[in-house]
Amino acid sequence: MKIIVHGEERYLPVSTVTLYDDKATYPFHCVACGNTSNIIGGKVTKMTPILEPSEQIPVISTCKSCKAKYVFQDSYEPEVTITVILFRTPVIQSFYCYLGGGETKYGNKILEYNNESVYSYSMSEPVPLPFTTSCTNPDCHLTYNFSQLN
Ligand SMILES: [Zn+2]
Ligand SMILES: [Zn+2]
């Protein structure tokens with residue numbers, strides 16, 4: 001999906017976020033900008049940069065800050081590691097842990113990436129994909145496994 005932000009054309013995919021309902025609620029901060037948050041019922045197990053076909057009716061939620069679009073779907077499979085498939089873009093994108101955000105978002109920044117390189121904030125260096133890392137916030141125990149759409 002192409003949109004215009006501040007006069008520049010940017011590609012913004014609709015990400016499908018899969019949740020495992022553990023009967024608790026969590027904040028979901030936009031992973032692209034770390035700003036706005038939704039409340040989600042369950043933990044994120046997977047994120048893909050496309051609209052995944054599903055029997056559930058998709059409801060698109062748009063980040064008020066950067067206009068990234070998300071669709072949430074439920075799954076019955078708990079995951080320890082969150083699978084994240086990044087989209088390919090020439091523009092440098094950020095990835096923030098979904099749990100932390102707002103004022104503290106820079107403590108939850110995990111990656112910067114484009115279609116040529118991926119920089120890890122936990123390693124403080126460029127990394128090859130696939131790449132598994134924990135959230136850089138010491139109070140957060142989430143682990144992410146990143147790969148990229150071909
Ligand atoms: Zn955003
Ligand atoms: Zn985190």
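We did not get these values from a lab; they are worked out from the coordinates using the rules stated. Here the structure is a predicted model, which is why all the values come from computation and not from measurement. Note that each Cβ is placed from the backbone with ideal geometry, even for glycine, and that neighbours are counted across all protein chains shown.
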Criterion (closer than 14 Å to Ser147 by Cα and under 15 Å from the mean Cα position of the chain (by Cα)) met by exactly one of Val127, Val118
Val118
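Just for strands (runs of 3 or more DSSP E) wholly inside region 89-137: which have at least 3 residues that are more than 16 Å from ligand 1 (Cβ to nearest atom)? Give the steps one after another, and end with the answer.
On the way: elements: 93-96, 109-113, 118-120, 131-134.
The qualifying strands (runs of 3 or more DSSP E) are 118-120, 131-134.
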Pairs where the first residue, in region 100-121, is touching a residue at least 12 places away in the same chain (Cβ under 8 Å) and the second is basic (Lys, Arg), C-beta under 7 Å, 6+ apart
Asn115/Arg88; Tyr121/Lys109
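Give me a count of the residues in region 21-45 that are outside any strand (DSSP E or B) and without any contact (Cβ under 8 Å) to a residue 24 or more places away in the chain. Full working, then the answer.
So in region 21-45, the residues outside any strand (DSSP E or B) come out as 30-36.
Adding the requirement that they be without any contact (Cβ under 8 Å) to a residue 24 or more places away in the chain leaves none.
Total satisfying the criteria: 0.
In region 49-68, which residue that is over 19 Å from Lys105 (Cα atoms) and touching a residue at least 60 places away in the same chain (Cβ under 8 Å) is surrounded by the fewest Cβ atoms within 10 Å (Cβ to Cβ)? Give the derivation first.
We begin by selecting, within region 49-68, every residue over 19 Å from Lys105 (Cα atoms); these are 49-61.
Now narrow it down to the ones that are touching a residue at least 60 places away in the same chain (Cβ under 8 Å): 49-50.
Values: Pro49: 19, Ile50: 13.
The residue in question is Ile50.
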